[in-house]
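Coordinate-derived values only; no laboratory data. Predicted model, so just to flag it, every value in this text is computed and none were measured.
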Amino acid sequence: MEINPTLFPVVAALLVDGAGRLLVQQRPPGKMMAGLWEFPGGKIEPGETPEAALARELGEELGIQVAVADLTPLTFASDALGTRHLILLLYRCDSWIGEPEPLHASTICWVTVDDLRALDMPPADLPLLGAIEQSLRHRGGAQ
């Protein structure tokens, strides 16, 4: 066990549309874990808050505008990733401006929670599914 792993903080969004579906994107060829489905997001840059980083990443990856106030912390995951240790902060977002487009991903799609469980996802995303199901039951969303 590594005593002092390099922490790698990242943020991701659970975008929920008016029908309660969730947006996922497929990692493009040439990237680590290519072909796997994930929630949009990315790295927190030095000097950024997690929320500001996520708003920036959603603009870069999907071409949408998200207000920091519309990001609600949902859950997190912690996973070893080679020499680094991934800390993934997941936020729920029900409101944005623009139509999401796959600017950096192979493709995007809207899925239900049941669909989500059938997708091949990175190992760090799997522990998030229980909290996602709870959030959708509590605040509304497709089952």
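Could you work out Rg/(2.2 N^0.38 Å) for the chain, with Rg from alpha carbons only? Intermediate values should be presented prior to the final figure.
Values: Rg = 14.5 Å, N = 143, 2.2 N^0.38 = 14.5 Å.
Taking N as the residue count of the chain, the ratio is 1.00.
Given axes a ≥ b ≥ c from the Cα gyration tensor, I'd like to know whether the range 51-94 is rounded (a/c under 1.5), prolate (a/b larger than b/c) or oblate. Oblate is the answer for the range 51-94, as a/c is 1.5 or above yet b/c matches or exceeds a/b.
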